[in-house]
Amino acid sequence: MSDIREHAVEVLASLGEREGVYGACLVSRDGLPVLTHCPHPADVDTLAAMGAALMGAAETSLLEFGDRNVETVLIVSEGLRLVILGVDDELLLLAAMDRSIPIESFDADLQVCLSRLHEILAGA
């Protein structure tokens, strides 16, 4: 495994191993899984495809209001939250967490994760 890939996996694992987090993954904007850390059962192919589709739908919807910059897509269900963030022009970060986790503290963790991924990918 390359150093870049190994470091990115460590970042996903640090987020995905937090209590109440179902998993985290990097996916392409085309909907293909790139790296995953999903200890809970999940069909990563479906998660990647639908996560990318959701981000694309959000971006298209916001264009109707004249805004081009989608930072975060947040889906809330009765029991969990799915967060989708743009890492760069090619990658998205998806993370699923129990709804009992305060979103503010998880958002801080996501921002740290995003910063670390930017550093790792800048060295690529």
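The values are calculated or read from the model by the stated rules, or taken from the named source; none is laboratory data. Being a predicted model, the structure only gives us computed values, none of them experimental. Because the Cβ atoms are built from the backbone with ideal geometry, glycine has one as well, and the counts that use them run over all protein chains shown. Just the protein is used for accessible areas: all its heavy atoms, side chains included, with ligands, DNA and RNA removed. Shrake-Rupley method; radii C 1.70, N 1.55, O 1.52, S 1.80 Å.
Return the long-range amide H neighbours of Ile101 (sequence gap of 5 or more, or a different chain), with a cut-off of under 5 Å between placed amide H atoms.
So Ile101 has HN proximity to no qualifying residue.
Per-residue HN-Hα couplings for region 83-97, Karplus 6.51 cos²θ - 1.76 cosθ + 1.60 at θ = phi - 60°, whole Hz, x for Gly and Pro?
Values per residue, Gly and Pro as x: 10, 10, 10, x, 8, 7, 5, 10, 10, 10, 9, 10, 9, 10, 9 Hz.
Which of the trypsin sites (Lys or Arg not before Pro) found in region 1-70 are loop residues per DSSP with 11 or fewer other Cβ atoms within 10 Å of their Cβ?
Arg68
Can you give the relative contact order of the chain as a percent, counting alpha carbon pairs under 8 Å and 6+ residues apart? Can you show the working numbers first?
On the way: 188 pairs, mean separation 33.1, N = 124.
For the chain, the relative contact order is 27 percent.
Taking the mean number of other Cβ atoms within 10 Å as a proxy for protection, how do you rank 58-64, 11-17 from highest to lowest? Display every interim value, and only then the final one.
Values: 58-64: 12.0, 11-17: 19.0.
So the peptides 58-64, 11-17, ranked by packing, come out 11-17, 58-64.
Relative to 2.2 N^0.38 Å, what does the C-alpha radius of gyration of region 48-124 come to as a ratio? Two decimals please.
1.15
Quantify, in whole percent, the carbon and sulfur part of the accessible surface of the chain (1.4 Å probe; protein heavy atoms only). Let's see the in-between values first.
Numbers: 3760 of 7140 Å².
Solvent-exposed carbon and sulfur of the chain make up 53 percent of the total.
Under a 1.4 Å probe, what is the accessible area of region 42-97 per residue, stated in Å²?
Using a 1.4 Å probe on heavy atoms only, each residue of region 42-97 averages 57 Å².
Want the number for Asp45 to Asp107: 0.36 nm per residue separation, take away the alpha-carbon distance, what's left?
19.9 nm
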